[in-house]
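Only one structure is covered here, and it is reproduced in the block below.
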Amino acid sequence: MMLPLFITLADDSWQRAHYALIVAAGALSLGRTVTIFAGGRSVHALAKDWSGLKDITSDAELDSRGVPSFRDLRDAVVELGAHLMVCETGLALTGLTPDTLCETVSVRGIVAFLEQAGDRPILAL
């Protein structure tokens, strides 16, 4: 049995969010359960409109290079069953509200994420 994967994001880097989605999709394809927790300004990564992230490479440019787009990756991790969580404090910091988030995202605190992870490793990107 493979251990679940717990990923946390903490800043508004598009590159880190994109890579977190790549790692999550890979782990999910291998049958691992995955939880992504977005804290601070990284909550933009799990909003319907992720334009609040910094240094975005457009999906069109990624598609032209044969790289999975942000939208495609995020849709894939949702379809594959990832647990997506955003920090309550991150929402307050960014001014986002629960209705601006993707529909499968839950709003939780860091304690809930840490409790779920237990003593298993957490990948911070």
Given (1) part of a helix (DSSP H, G or I); (2) surrounded by 15 or more Cβ atoms within 10 Å (Cβ to Cβ), number of the condition P68 does not satisfy: (1)
Positions within the stretch 20-32 being under 11 Å from the mean Cα position of the chain (by Cα) and crowded, with 19+ Cβ neighbours inside 10 Å, in sequence order: A20, L21, A24, A25
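So that you can scan it fast, the table gives a plain yes or no per residue for (1) among the aliphatic types (A, V, I, L, M); (2) touching a Gly at 6+ places or on another chain (Cβ under 7 Å); (3) surrounded by 13 or more Cβ atoms within 10 Å (Cβ to Cβ); (4) part of a loop (DSSP other than H, G, I, E, B):
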| position | (1), (2), (3), (4) |
| --- | --- |
| M1 | yes, no, no, yes |
| H18 | no, no, yes, no |
| A45 | yes, no, yes, no |
| S51 | no, no, no, yes |
| M85 | yes, no, yes, no |
| D99 | no, no, no, no |
| V111 | yes, no, no, no |
| Q116 | no, no, yes, no |
Take L53 and decide whether it is modelled with pLDDT of 95 or more, more than 19 Å from Q116 (Cα to Cα) and in contact with a helix residue (DSSP H, G or I) (Cβ under 8 Å, 6 or more places away or on another chain). yes
Selection count, the stretch 3-15, where residues are at pLDDT 95 or above and either buried (at least 18 other Cβ atoms within 10 Å of the Cβ) or within 17 Å of R120 (Cβ to Cβ) (or both): 9
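Only one residue in T104, T35 is among the hydroxyl-bearing types (S, T, Y), crowded, with 16+ Cβ neighbours inside 10 Å and in contact with a strand residue (DSSP E or B) (Cβ under 7 Å, 6 or more places away or on another chain), so which one is that? Break it down stepwise before answering.
On the way: T104 fails: crowded, with 16+ Cβ neighbours inside 10 Å.
Criteria check complete, one pass: T35.
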Looking at (1) touching a residue at least 60 places away in the same chain (Cβ under 8 Å); (2) in contact with a Ser or Thr (Cβ under 9 Å, 6 or more places away or on another chain), which is the one condition that is false for V23? (2)
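Against the condition in contact (Cβ under 8 Å) with a residue 40 or more places away in the chain, polar (S, T, N, Q), exposed (fewer than 15 other Cβ atoms within 10 Å of the Cβ) and farther than 17 Å from V34 by Cα, how does T89 come out, does it pass?
Details: in contact (Cβ under 8 Å) with a residue 40 or more places away in the chain: yes; polar (S, T, N, Q): yes; exposed (fewer than 15 other Cβ atoms within 10 Å of the Cβ): yes; farther than 17 Å from V34 by Cα: yes.
Answer is yes for this residue.
The values are calculated or read from the model by the stated rules, or taken from the named source; none is laboratory data. All values derive from a computational prediction rather than experimental measurement. With ideal geometry, Cβ positions are generated from the backbone for all residues, glycine too; neighbour counts draw on all protein chains shown.
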